[in-house]
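Below: one structure, written as structure tokens.
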Amino acid sequence: MSDSEDYEYEYDESDQEAMDAGSGGGDEDASFEYTDDEDNQNNDEGEVALENAYYNAKGERDSGEIDEARETFESVVRMEVEQNKKEAGVATDDDDDDDAMDVEATTSKLLAPLKFHGPWSYKAVKQLVKLHLRSLNCDSAVKDYERLLRIASSPDAKISPNAVEKGVNNMLDRVASLINNSSGSSNSDASSQQEALAQSIYDLTLKAFHPTTGIAPNERLWFKTNLKYGQLLYEMNETAKLQLVIRDLLLSSGQPTDILEGATTSSSSAMVTDSTSTGGTHVMEIAALQIQLYSRLKDTKKLRAAYHRAMSVRGGIPHPRTLALIQELGGKMHMSQRNFDEASQAFFQAFKSYDEAGDRSRLRCLKYLVMASMLHASSINPFDSHEARAHRDDPEIVAMTNLVQAFHNDDIRSFEKILNKNEGRIMDDEFVREHVADLLRTIRTQVIMRTIGPYTKIRLVKISKSLNGIPVEDVESLLVSLILDGKLNGRIDQVGGVLVKQAQGAADTGPASSDKNAGKQVDVGSVESRNTASIQRLVRALEHLTDAVANVGPKTSSFQQL
């Protein structure tokens, strides 16, 4: 049915044209219709020529003919400008390289949109900027990016705001990727040039879309660009500039800036939250930058304040990645304060948020969750949760799975083997490396308590063997910590190299308490109580005998200890 309809439509149109051509209408009508058709045909031909030239340039680019592609893209711009000038009745024979005829009367070219440039010019200049970025031609990239912004802001170009925002964001992401890829480069000159390029690109964007002074005011795009710029400055370790960006963002969203000056009054410490979802989202996005800044500066006081402000926001709907970043850094903050339980909860929430966003950073947070749970000495396996169980067979997580299994089994040899071999690149993470000593101390403590459990006296050398042969001095240090923390009731005989455990009922008691305990035993009067008292007296006698033998010297003693 559709085929017949198309056929009838084409037939009727051609038939109508024939009827118009043979009609008895006046000469003026016939002449008018002929001129209009000719103009439309010329416009169509011009559009086809621009499209062909544009895609020819892309073909040259893809085939590696970069110089030819640049020239062809430039020809697209010239062709469209000439066509638009001709259509507007403007002379096209004026070869002014400074674009004076295309710029509004102004003192700064940046503040003026380019006239007579259309959508094909916008596309062509965008491709030119990409070519310059690929070849690291920084000066040309900045020049053409400025031209791109001036074209995008021109009403003649008829570029939709969504297309402009998408194009600008893609360009900013390309610039950020250049900086990230060069972060490990040894060429300092190239890195400094790329950082200068990034700063120029972001400055141009912020000026062009400033809500009050820009050539194309766009508050949403300006805010998003500032957030991207702040993230880039954080990665470049430009903390001073980052503080200025955060301050601008806070002022634009009506939030107090006292936190940057370290204000601690209750009136300034409570961040203003907007009742709308947009306002709350902006608050959390700014807070994410603040938390990163204070984490980098190791300013615990401001970091804690920024974190609690972010988590107290109501009504915001931030991107899951933003929420995950806040929770991850909050977990690291709790780890630095040795609040391992709260750190575990924060890392778990960060893991779920990253997982919701489809971000591979979820695996990193899962590692941190495992580490925090081990430091907390929790008996709960993190991989028992439904969300984490799906990733336990991931190549990056298998090593952590084995580490957790060795931890819960008190298998210190397997535990240290996994760390020493760096299975799954566990030790590549700086944050994990910072807490390896705590991890080893935790599992060694568990092994010590299990090893000394059946004994009242045990040589430090034997404990050292159970800890995979660590020095006796380290064993003493661990035992001292356990005694001081109240987890172990005993004393260390450093001369004999022996740990002497105190009996449970006679632990560091004075004469008064001993008499009190003895009185209690007499009052009970039961057989069980008398037997217990006898055993305690026997244990104390054996301990006294052992001390006497140890004082004589281990070489001459015939008393064998475990």
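The values are calculated or read from the model by the stated rules, or taken from the named source; none is laboratory data. Worth saying up front: this structure is predicted, and the values here are computed from it rather than measured. Because the Cβ atoms are built from the backbone with ideal geometry, glycine has one as well, and the counts that use them run over all protein chains shown. Only protein heavy atoms, including side chains, enter the accessible area calculation; ligands, DNA and RNA are left aside. Shrake-Rupley method; radii C 1.70, N 1.55, O 1.52, S 1.80 Å.
Contact map, segment 474-498: residues that are touching a residue at least 60 places away in the same chain (Cβ under 8 Å) paired with residues that are of a type outside the set (A, V, I, L, M, F, W, C), Cβ distance under 6 Å, separation 6+ or inter-chain. Pairs shown: V498/K457; V498/R459. Could you look through segment 224-260, keep only residues that are farther than 20 Å from A176 by Cα, of a type in the set (S, T, N, Q) and touching a residue at least 24 places away in the same chain (Cβ under 8 Å), and pick out the one that is surrounded by the fewest Cβ atoms within 10 Å (Cβ to Cβ)? Result: S252. Does any residue of segment 240-250 turn out to be among the polar types (S, T, N, Q) and in contact with a helix residue (DSSP H, G or I) (Cβ under 7 Å, 6 or more places away or on another chain)? Taking every residue of segment 240-250 in turn, at least one turns out to be among the polar types (S, T, N, Q) and in contact with a helix residue (DSSP H, G or I) (Cβ under 7 Å, 6 or more places away or on another chain).
For the condition under 20 Å from R450 (Cβ atoms), basic (K, R), surrounded by 13 or more Cβ atoms within 10 Å (Cβ to Cβ) and modelled with pLDDT under 90, K501 qualifies. Quick check: is even one residue across segment 218-235 at pLDDT below 90 and part of a loop (DSSP other than H, G, I, E, B)? No. Only residues that are surrounded by 22 or more Cβ atoms within 10 Å (Cβ to Cβ) and either within 20 Å of G214 (Cα to Cα) or hydroxyl-bearing (S, T, Y) (or both) were counted in segment 118-146, giving 4. Please count how many residues of segment 292-332 are under 19 Å from S253 (Cβ atoms) and among the basic types (K, R). Total satisfying the criteria: 3. In this structure, does K421 turn out to be touching an Asp or Glu at 6+ places or on another chain (Cβ under 9 Å) and of a type in the set (K, R)? The answer is no for K421. Within the option set N84, N42, N56, being at pLDDT 85 or above, part of a helix (DSSP H, G or I) and open to solvent by 70 Å² or more (accessible area, probe 1.4 Å) holds for one residue only, N56.
Yes or no: segment 470-482 includes at least one residue that is in a loop (DSSP other than H, G, I, E, B), modelled with pLDDT under 90 and under 40 Å from the mean Cα position of the chain (by Cα). For segment 470-482, residues in a loop (DSSP other than H, G, I, E, B), modelled with pLDDT under 90 and under 40 Å from the mean Cα position of the chain (by Cα): absent. Of all residues in segment 335-361, those that are on the phi < 0 side of the Ramachandran plot and either open to solvent by 40 Å² or more (accessible area, probe 1.4 Å) or without any contact (Cβ under 8 Å) to a residue 24 or more places away in the chain (or both) total 13.
Summed over segment 381-393, residues that are of a type in the set (A, V, I, L, M) and out of contact with any helix residue (DSSP H, G or I) (no Cβ under 7 Å at 6 or more places or on another chain) total 1.
Entry remark, segment 451-473: residues being out of contact with any helix residue (DSSP H, G or I) (no Cβ under 8 Å at 6 or more places or on another chain) and either at negative phi or in contact (Cβ under 8 Å) with a residue 24 or more places away in the chain (or both) number 6 in total.
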